[in-house]
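Remarks on the structure that follows.
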Amino acid sequence: MIPVPNLAVGMPAISMNGSAPRCEHLDGLAPVTPLSDHCRDCPGRADRPAAALVVCLTCGWVTCSDNSPGRHASAHYEETDHPLAAGLEPGSRWRWCYVHQRLV
Ligand SMILES: [Zn+2]
Ligand SMILES: [Zn+2]
Ligand SMILES: [Zn+2]
C-alpha cells in the first residue's frame with residue numbers, strides 16, 4: 001500500500017482578497033489507486049525509477065513526468081482534461097494542477 005497523504009479538502013473556496021486562488025480542482029478528490037508502476041505510454045521503459053513517474057489524481061493513470069523525454073503527464077492532461085497529477089514515489093507530497101499551472 002502506498003500511504004495516501006492528508007488532503008486538505010472540505011475548506012470553502014473563499015479567496016477574494018488578492019491572495020493566490022485556491023485550487024478548486026482539489027475539491028471532492030477521492031483517493032486513487034495507481035494503475036501501474038510504470039508509464040504505459042513509454043513502451044520498453046518499465047525500468048524507469050518511480051521518482052520520474054506521476055499519477056493522475058482523477059483516474060490513477062501513471063505516466064512519466066514532464067521532466068522525462070516523453071512528457072506523457074502533459075499528454076494525459078491534454079487528452080483527458082484531468083487537471084491534477086502527483087508524484088508516484090512513496091512519500092511524495094507535491095501535486096501539480098495543469099489548469100492553474102502551479103503546485104497545489
Ligand atoms: Zn486547479
Ligand atoms: Zn511516458
Ligand atoms: Zn487521468
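None of the figures in this text is laboratory data; all of them are computed from the coordinates on show. These figures come from a predicted structure and were not determined experimentally. Ideal geometry is used to build each Cβ from the backbone, glycine not excepted, and the neighbour counts take in all protein chains shown.
Computed over neighbours whose Cβ is under 12 Å from that of Arg102, the net charge equals +2, Lys and Arg +1, Asp and Glu -1.
Treating the beta-carbon of each Lys and Arg as +1 and of each Asp and Glu as -1, no other charges, what is the dipole magnitude of the range 28-103 about its Cα centre, to the nearest 20 debye?
Charge dipole of the range 28-103: 200 debye, to the nearest 20.
Name the residue farthest towards the positive end of the dipole of the range 53-104 from the options Gln101, Ala75, Thr63, assuming +1 on Cβ of Lys and Arg, -1 on Cβ of Asp and Glu, about the Cα centre. Working it through, the farthest residue towards the positive pole turns out to be Gln101.
Spin-label model, Val99 to Ala75: label points 7 Å out along the Cα-to-beta-carbon direction sit 2.4 nm apart.
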